[in-house]
Amino acid sequence: MTATISPANDFEAMRTAMVVSQLRPNAVNDPRVVAAMAAVARETFVPSEAAPLAYRDTAVPLGNGRAANLPIATGRLLTEARLQPGDRVLLIGAATGYTAAVLAGLVGHVVAVESDADLAARARAALAGVTGVELVEGPLEHGHAAGAPYDVIVVDGAVEELPEALVDQVREGGRIVAGLVDRGVTRLAAGRRTGGGFGLVGFADIESVVLPGFARRRGFSF
């Protein structure tokens, strides 16, 4: 007798494969991060026609020129953030809410910022019933100063530079993780704000989706 595999079981198998073949072999070695990503149904955070792509090692188109970050990029960022259960986290680039849902299982409170109205609306629907997440609609580069200071800022995508006004929203001693765009190549980076300033240091050359609003300011040329 041949067993019938339902679509739900298919997604569960894909989620397990993501953990086994993408996360664990690539230094996503925080057991809490692995467990949280294994628990969240990523397929519910992407358009229905893109659901079969939800667990692949690729960016998933979300519309309006945006895409969900690669699972390995998000997993490495969350691992490098050294998240603690009581942390207050500012998430930049909420998109449709997937990473906010993962963070909700890891920290005390999440403020998730999204600039695209359509994506924000989908995030609200997808996050219904998820506790500990506050969704804020507004420019990504502005963050959410009203909720500062945060213990951690997670930028779930790649940027050319981080504005000082955003860095100022993490407490002294707090951590920031982000993707960086450097001459057309993306890499993941992390840093800690101290009394002496702040800087990001790359830790992995991994593809990451580029977020809007963070283009480096160009100087005048003659």
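Tabulated results
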{"item": "Gain upon complete extension [residue 82, residue 21; 0.36 nm per residue less C-alpha separation]", "result": "19.7 nm"}
{"item": "The range 51-168 - percent of accessible surface contributed by carbon and sulfur, probe 1.4 Å", "result": "51"}
{"item": "Taking the range 1-143 and dividing mean pair separation by its residue count, relative contact order in percent (alpha carbons under 8 Å, at least six apart)", "result": "19"}
{"item": "Computed Rg/Rh of the chain, alpha carbon atoms with Kirkwood Rh", "result": "0.97"}
{"item": "Global form of the range 165-222, assessed from the alpha-carbon gyration tensor, a/c cut-off 1.5", "result": "oblate"}
{"item": "Student exercise, the chain dipole from Lys, Arg, Asp, Glu Cβ charges, in Debye to nearest 20", "result": "360"}
{"item": "Residue (of 130, 210, 23) at the positive-pole extreme of the chain, dipole from beta-carbon charges", "result": "23"}
{"item": "Anisotropy class of the range 137-195 from Cα gyration tensor, a/c 1.5 cut", "result": "oblate"}
{"item": "Alpha carbon centroid spacing (whole Å) that separates the range 59-79 from the range 148-222", "result": "16"}
{"item": "Per residue accessible area in Å² of the chain, where ligands, DNA and RNA are left out and the probe is 1.4 Å", "result": "47"}
{"item": "For the range 82-170: rounded, prolate or oblate by the Cα gyration tensor [a/c cutoff 1.5]", "result": "oblate"}
{"item": "Structure-based [θ]222 nm, the chain - -39500 (n - 2.57) summed over DSSP H runs of at least 4, per residue, nearest 500", "result": "-6500 deg cm²/dmol"}
{"item": "Net dipole in debye of the range 13-92 [+1 Lys, Arg Cβ; -1 Asp, Glu Cβ; about Cα centre; nearest 20]", "result": "120"}
{"item": "Rough spin-label spacing in nm, given labels placed 7 Å along Cα→Cβ, for residue 161 and residue 130", "result": "3.2"}
{"item": "Of all DSSP beta bridges in the chain, antiparallel share, percent nearest 5", "result": "40"}
{"item": "Mean Cβ count within 10 Å, highest first, over the residues of peptides 19-32, 165-178, 88-101", "result": "88-101, 165-178, 19-32"}
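The values are calculated or read from the model by the stated rules, or taken from the named source; none is laboratory data. Keep in mind the model is a prediction, meaning the values are calculated, not measured. When we count neighbours, we look across all protein chains shown, and the Cβ atoms used for this are built from the backbone with ideal geometry, even at glycine. Just so you know, the surface numbers come from the protein's heavy atoms only, side chains and all, with ligands and any DNA or RNA stripped out. Shrake-Rupley method; radii C 1.70, N 1.55, O 1.52, S 1.80 Å.
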